[in-house]
Amino acid sequence: MIKIARLSKSFPDENHGDSVCVFNNFNLQIASKELLVIFGPSGCGKSTLLNIITGTESYDDGIINGLQDTKRIGFVSQHNSLLPWLKVIDNVAFGLKLQGVNKVQRQQAAHKLLEEMGLTRYSDFYPHQLSGGMSQLVSFARAVACRAEIMLMDEPFSSLDFIVRNKLQDTVLKIHKNWNLTTIFVTHQLDEALYLADRIVALSAGNPTKIISEFDTRGVKDKISEHFYHLQCQLLKCYQ
Amino acid sequence: MKSQSSLCNFLWRNSLIFALLGFWLVIGWLGWINEVFIPSLPEVVRNTFELLFTAGLWVHIFSSLSVILAGFSLSVFIAVPVGVIMGSYARVNSALQNFIELIRPISPLALYPLFIFLFGIGFMSKLAIVFWVSWIPLLFNTIAGVQRISERYLHIAKTLGATRTQMLIEIVFPAIIPWVITGMRLAMGSALLVIIAAEMIGSNRGIGFFILNASYTFKIVDLYGGIIVIAIIGILINAVFLMWEKRTQISSHRKIL
């Protein structure tokens, strides 16, 4: 379980010389193997929260428990972050290379994962030869390949069209289940949040950011059901 | 159809060269030029082939190329690591920048007498001048390459647990390769220019010396031959670096899906 307690984080405001408080006494718990969706408007601190968890962003105060080994954290950003000088297979194996895994083993692991994601035929492609959706899927494969236990996904499908996004959402659900991941998925797409999440945490837009509501959405997978629509309306109401 | 279009493209791209060569050929036939100063094109071509098939010119070509290669390699080994450090650490960059700006505009030819004084006439002084002219584009291109590495790559490496050394080897070096190769191409061009001049000022070997010697002994056809050889070497070096540059630069336009 990941436990974030009394988290505080401020950024200096370069325009006014003051500081902007993003989090003040922010608390959040993520259960093991849960798929938590953090939902909220742009600029509310969703990405900052993920960066704090990965350790690439510092925080002013608070405690984060449950992240003993940062090498077990996988990260997929909204931008294409594949290394353009590496083939798809080498991009997927990149995290393992950093962990010192030998070439044969990491290539095997990467091949297996590409197969599971239906990307085998692209293994010798370079990133510029892939579509946006494929690139994000390969980024996801790279994050999973490094034996991640915690997967952080920062609006990974925000720039993709509806059809591709739907397909990739299913892949996320499949990999999350098969690899026993604890996933934190950030999005501002209502349907995406409801479809993927075991639980949704809705964040406020104001500074500091607060949790305005939580929804248990386990089992809500039918996008055209009444229940799905009802939850969408409830989530929308939080921001009215 | 495709080969026809590539032939047309080739002819168009080299039209000015062909026009000038044609002009040279015609005025030679018509006898409009003084052949003492401007020999006819067929005579120059014939003589250049003759020079290339005698060991005499190759000694000078190898002499110039060996100095260029040595000075250029030295500048790569020094300028690239220094560029990486300067590009990575703003404080080191600010500490060295004024010094570099101070010495950068000094003409290498102005320093050549000093190099001769320090190292004597020969290989070392020429190596020094080639080094001097090569390190600048290499250093600046490397710094620019490091400073333009996408934050995304660094961020993703950090999240995957990369150490500082891994960051350098796996991210920084591969990312700056296109920049370094462009710097190498510019450096090589400058090195070729400066070595010819240096060999004319103080040397007893090299293409520059060969050309100057041809002018002193009034072998005008040899002089033209030397100039043509320089042009060919320049074109070949540039072509090799352009090919290398093209291979390393990633085209982001082609899609397969």
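Per DSSP H run of n ≥ 4, the term is -39500 (n - 2.57); total these for chain A, divide by its residue number, and report the mean residue ellipticity at 222 nm rounded to 500 deg cm²/dmol.
Working: 8 runs with 83 residues, N = 240.
Only helices count here, giving -10500 deg cm²/dmol.
Want the number for B:Leu118 to B:Phe49: 0.36 nm per residue separation, take away the alpha-carbon distance, what's left? The partial results should precede the final answer.
Details: separation 69, 0.36 × 69 = 24.84 nm, distance 3.83 nm.
Difference between extended and current length: 21.0 nm.
Using only Cα atoms, what is the ratio of the radius of gyration of the stretch A:56-200 to 2.2 N^0.38 Å? Display every interim value, and only then the final one.
Numbers: Rg = 15.1 Å, N = 145, 2.2 N^0.38 = 14.6 Å.
The value comes to 1.04.
Would you mind checking the stretch A:17-52 for residues with the amide N under 17 Å from a putative spin-label position 7 Å along Cα→C-beta of A:Gln232?
A:40
Out of the trypsin sites (Lys or Arg not before Pro) in the stretch B:168-257, which ones are loop residues according to DSSP with at most 13 other C-beta atoms within 10 Å? All intermediate terms of the calculation are to be shown ahead of the outcome.
On the way: sites: B:Arg185, B:Arg205, B:Lys219, B:Lys246, B:Arg247, B:Arg254, B:Lys255; in loops: B:Arg205, B:Lys219, B:Arg254, B:Lys255.
Answer in residue order: B:Arg254, B:Lys255.
Between A:Arg72 and B:Gln97, with labels modelled 7 Å along Cα→Cβ, what's the label distance in nm to one decimal, could you check?
The answer from the label model is 4.5 nm.
So how strong a dipole does chain B carry about its Cα centre when Lys and Arg Cβ are +1 and Asp and Glu Cβ are -1, to the nearest 20 debye?
Working: 17 positive and 9 negative charges, 207 e Å.
Computed charge dipole of chain B: roughly 1000 debye.
Under 14 Å from a label point 7 Å along Cα→Cβ of A:Ile163: give me every residue in the stretch A:112-150 with its amide N that close.
Only A:133 fall inside the zone, counting backbone N under 14 Å.
On full extension of the chain, what length is gained from A:Gln240 through A:Asn15, given 0.36 nm per residue of separation minus the C-alpha to C-alpha distance? Working shown, then result.
On the way: separation 225, 0.36 × 225 = 81.00 nm, distance 2.94 nm.
Length difference between fully extended and current span is 78.1 nm.
Which distance in nm do the two modelled labels at B:Thr165 and B:Leu20 give, with both placed 7 Å along the Cα-to-Cβ direction?
For the pair B:Thr165/B:Leu20, the computed spacing is 5.3 nm.
Against the longest alpha carbon principal axis of chain B, how many degrees, from 0 to 90 and to the nearest 10, is the axis of helix B:55-88 turned?
20
Whose amide H sits under 5 Å from the amide H of A:Val20, counting only residues 5 or more places off or on another chain, with H placed in the peptide plane?
The answer is A:Phe11, A:Asp13.
What is the spin-label model distance, in nm, from A:Gln99 to A:Asn180 if the labels are put 7 Å beyond Cα along the C-beta direction?
1.4
Report, in degrees rounded to the nearest 10, the 0 to 90 angle that the Cα long axis of helix B:41-52 makes with the longest principal axis of chain B.
Approximately 60 degrees, to the nearest ten.
Classify the stretch B:39-248 as rounded, prolate or oblate from the Cα gyration tensor: take a ≥ b ≥ c as the square roots of its eigenvalues, call it rounded if a/c is under 1.5, otherwise prolate when a/b beats b/c and oblate if not. Numbers along the way, then the final one.
On the way: a/c = 3.36, a/b = 1.95, b/c = 1.72.
Verdict is prolate for the stretch B:39-248.
Quick note: the coordinates plus some simple rules give every number you see, no bench work behind them. Since the model is a prediction, treat every value here as computed from it, not as a measurement. In this analysis, Cβ positions are derived from the backbone assuming ideal geometry, glycine residues included, and neighbour counts consider all displayed protein chains.
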